[in-house]
Amino acid sequence: MSASRIGFSAPSNIALIKYWGKGLDQTPKNASLSFSLKNSVTKTYLDYQEKIKGEPQFNFSFEGKSERSFHPKIEKLFQYAFELYPHLKGYSYKIESENTFPHSTGIASSASSMAALSLCLTTLAKNLNEPLVADHFTASASYLARLGSGSAGRSVYGGFTLWGTHEQVAGSNNKYAIDINASIHPELKKLGDTILIVSSEAKSLSSSDGHKLMNENPYAVTRFLQANLLISEMMGALKSGDMEKLGLLIEKEALGLHALMMLSQPPHILLKPNSLKLIELIQTFRRESKLPLYFTIDAGPNIHLIYPLGLKAKVEAFIQERCLPYLEKGFYIHDEIGEGPTCL
Ligand code: DP6
């Protein structure tokens, strides 16, 4: 085989029940549940060429520039890929990647980028007739992606995804994420996620360090049990189409995650004063308007508004009328549930 190219676009995702705490080999301490986004994607092209001798090499550029800070994660992903699929060691690689969304906005770029590259590498492994690590292609791509970054394992599907063993979800496991769209009420398959940017400064706590803090957190065992209970309740709401129940669970989970960070050693407060102001505004708006507008928050200060997509115009008006003073440069990003990766 001579030089050739594989390309994939993969979405970021937003977790409604979060993965926060892990064991060896990216094994999550509790199941997590997310949906993939539509507009926030990474596009990656993998050029590969057979090499005659020596170690496999790769050359990586992000948005046209050689981005050294991304190398460790990519190198780690390649190491895992070589272990799973030894034939991949016979090639040299050039990777070109770009995001459709800005950095440090609360949209997980490691999820979309690791998923896109894993889809490319798993395609190559399949083309080289390597036996895949799971029983179908997408699960195998998810397996590799989660070794690169846990949340990336969920980004190989569209719509709703679950990763981690959960006794009430058939097929769920710690090795790869599964598609749970068959269990979702049609009305909840069209949700908006509008990200209110409170700060675009680099995160003061990386996810990797955050996961480590859970090893010593005195509330960890309770948290892991609680997250799995929340998933049981959430699966019920998702199945019956109960937006109110879903929304309240989403908020409980997001605030619980931040409470855990405050209870870590050392404690971390990742919310900013404006994050709290926005939470208050959202809850007041919901009470006054009776509209189902809820929030979730990842490990940072930015607020994800979650709502039925039909409310988008009303959400836009709410942001314009009440939220702008609390946003960095008035910045927000509209996104929504997306259909998942595409082959480029
Ligand atoms: C708060 O997947 O970024 O976004 O496996 O160390 O790469 P690593 O962590 P990562 O953690 C995600 C944390 C989170 C919650 C979530 O997306 O489930």
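Name the single residue, out of those in the range 165-199 being polar (S, T, N, Q) and more than 24 Å from Leu281 (Cα to Cα), that is modelled with the lowest pLDDT. Please lay out each step first, then the result.
Initially, the range 165-199 is screened for residues polar (S, T, N, Q), giving 165, 168, 172-174, 181, 183, 194, 199.
Retained after the next criterion (residues that are more than 24 Å from Leu281 (Cα to Cα)): 165, 168, 172-174, 181, 183.
Details: Thr165: 98, Gln168: 95, Ser172: 98, Asn173: 98, Asn174: 98, Asn181: 98, Ser183: 98.
The residue in question is Gln168.
Considering only the range 3-33, state which residues are more than 8 Å from the ligand (Cβ to nearest atom) and part of a loop (DSSP other than H, G, I, E, B).
Filtering the range 3-33 down to residues more than 8 Å from the ligand (Cβ to nearest atom) leaves 3-12, 16, 21, 23-25, 27-31, 33.
Of everything in the range 3-33, those that are more than 8 Å from the ligand (Cβ to nearest atom) and part of a loop (DSSP other than H, G, I, E, B) turn out to be Ala3, Gly21, Gly23, Thr27, Lys29, Asn30, Ala31.
Could you please let me know if His268 is in contact (Cβ under 8 Å) with a residue 12 or more places away in the chain, more than 20 Å from Leu188 (Cβ to Cβ), not in a helix (DSSP H, G or I) and not small (Gly, Ala, Ser)?
Working: in contact (Cβ under 8 Å) with a residue 12 or more places away in the chain: yes; more than 20 Å from Leu188 (Cβ to Cβ): yes; not in a helix (DSSP H, G or I): yes; not small (Gly, Ala, Ser): yes.
For His268, the condition - in contact (Cβ under 8 Å) with a residue 12 or more places away in the chain, more than 20 Å from Leu188 (Cβ to Cβ), not in a helix (DSSP H, G or I) and not small (Gly, Ala, Ser) - is met.
Every residue in the range 256-265 that is assigned to a helix (DSSP H, G or I) and either over 20 Å from Thr105 (Cα atoms) or without any contact (Cβ under 8 Å) to a residue 12 or more places away in the chain (or both), please. Step through it out loud before you land on a result.
We begin by selecting, within the range 256-265, every residue assigned to a helix (DSSP H, G or I); these are 256-262.
Within the range 256-265, Gly256, Ala259, Leu260, Met262 qualify.
Restrict the check to the range 198-206 and report whether at least one residue is closer than 22 Å to Ala152 by Cα and crowded, with 19+ Cβ neighbours inside 10 Å.
No.
Does at least one position in the range 263-274 carry a residue that is under 30 Å from Ser142 (Cβ atoms), of a type outside the set (A, V, I, L, M) and within 24 Å of the chain's Cα centre (by Cα)? Walk me through it before giving the result.
So in the range 263-274, the residues under 30 Å from Ser142 (Cβ atoms) come out as 264, 268, 270.
This time we only want the ones that are of a type outside the set (A, V, I, L, M), so: 264, 268.
When the remaining residues are screened for being within 24 Å of the chain's Cα centre (by Cα), the result is 264, 268.
Yes: the range 263-274 contains one or more residues that are under 30 Å from Ser142 (Cβ atoms), of a type outside the set (A, V, I, L, M) and within 24 Å of the chain's Cα centre (by Cα).
Starting from residues that are of a type in the set (Ser, Thr, Tyr) and part of a helix (DSSP H, G or I), keep the ones in the range 194-238 and report whichever is nearest to Ala15 (Cα to Cα).
Within the range 194-238, the subset of a type in the set (Ser, Thr, Tyr) is 194, 199-200, 204, 206-208, 219, 222, 232.
Still in the list and also part of a helix (DSSP H, G or I): 207-208, 222, 232.
Numbers: Ser207: 13, Ser208: 16, Thr222: 19, Ser232: 15 Å.
Among those residues, the one meeting the criterion is Ser207.
Which condition number does Ala182 fail, the rest of (1) touching a His at 6+ places or on another chain (Cβ under 8 Å); (2) assigned to a helix (DSSP H, G or I); (3) surrounded by fewer than 18 Cβ atoms within 10 Å (Cβ to Cβ); (4) of a type in the set (A, V, I, L, M, F, W, C) being met?
(1)
What pairs can you find where one residue is in the range 228-253 and free of Cβ contacts under 8 Å to residues at least 60 places away in the same chain, the other is of a type in the set (Lys, Arg), and their Cβ atoms are less than 6 Å apart, with a gap of 6+ or different chains?
Ala237/Lys245
Quick check, is Arg287 more than 16 Å from the ligand (Cβ to nearest atom) and either free of Cβ contacts under 8 Å to residues at least 40 places away in the same chain or at positive phi (or both)? Give the derivation first.
Working: more than 16 Å from the ligand (Cβ to nearest atom): yes; either free of Cβ contacts under 8 Å to residues at least 40 places away in the same chain or at positive phi (or both): yes.
Yes: the conditions hold for Arg287.
Within the range 291-344, considering only strands (runs of 3 or more DSSP E) that don't extend past its boundaries, which have at least 1 residues that are farther than 30 Å from Met262 by Cβ? Break it down stepwise before answering.
On the way: elements: 294-296, 303-308, 332-336.
By residue number, 303-308, 332-336.
Which of (1) out of contact with any Gly (no Cβ under 9 Å at 6 or more places or on another chain); (2) small (Gly, Ala, Ser); (3) farther than 22 Å from Ile337 by Cα does Ala313 not meet, given it meets every other one?
Against the list (1) out of contact with any Gly (no Cβ under 9 Å at 6 or more places or on another chain); (2) small (Gly, Ala, Ser); (3) farther than 22 Å from Ile337 by Cα, Ala313 comes up short only on (3).
Within the range 80-92, is even one residue assigned to a helix (DSSP H, G or I), more than 16 Å from the ligand (Cβ to nearest atom), among the polar types (S, T, N, Q) and surrounded by fewer than 18 Cβ atoms within 10 Å (Cβ to Cβ)?
No, the range 80-92 contains no residue that is assigned to a helix (DSSP H, G or I), more than 16 Å from the ligand (Cβ to nearest atom), among the polar types (S, T, N, Q) and surrounded by fewer than 18 Cβ atoms within 10 Å (Cβ to Cβ).
Using beta carbons and a limit of 9 Å, which pairs, at least six apart or on different chains, have the first residue in the range 205-227 and within 13 Å of Lys29 (Cβ to Cβ) and the second one within 12 Å of the ligand (Cβ to nearest atom) and of a type in the set (Ser, Thr, Tyr)?
Sorted first by the residue in the range 205-227, then by its partner, the pairs are His211/Tyr19; Ala227/Tyr19; Ala227/Ser32.
Among Ile333, Ile297, which is the only one that is touching a Phe, Trp or Tyr at 6+ places or on another chain (Cβ under 9 Å) and of a type in the set (Val, Ile, Thr)? Show your work before the answer.
On the way: Ile297 fails: touching a Phe, Trp or Tyr at 6+ places or on another chain (Cβ under 9 Å).
Answer to the selection: Ile333.
Determine, yes or no, whether Lys51 is at pLDDT below 95, more than 16 Å from the ligand (Cβ to nearest atom) and of a type outside the set (S, T, N, Q). Steps first, please.
Values: at pLDDT below 95: yes; more than 16 Å from the ligand (Cβ to nearest atom): yes; of a type outside the set (S, T, N, Q): yes.
Judged against the criteria, Lys51 is a match.
The values are calculated or read from the model by the stated rules, or taken from the named source; none is laboratory data. Remember, predicted model here, so these are calculated numbers, not experimental data. Cβ atoms come from the backbone with ideal geometry, glycine included; neighbour counts cover every protein chain shown.
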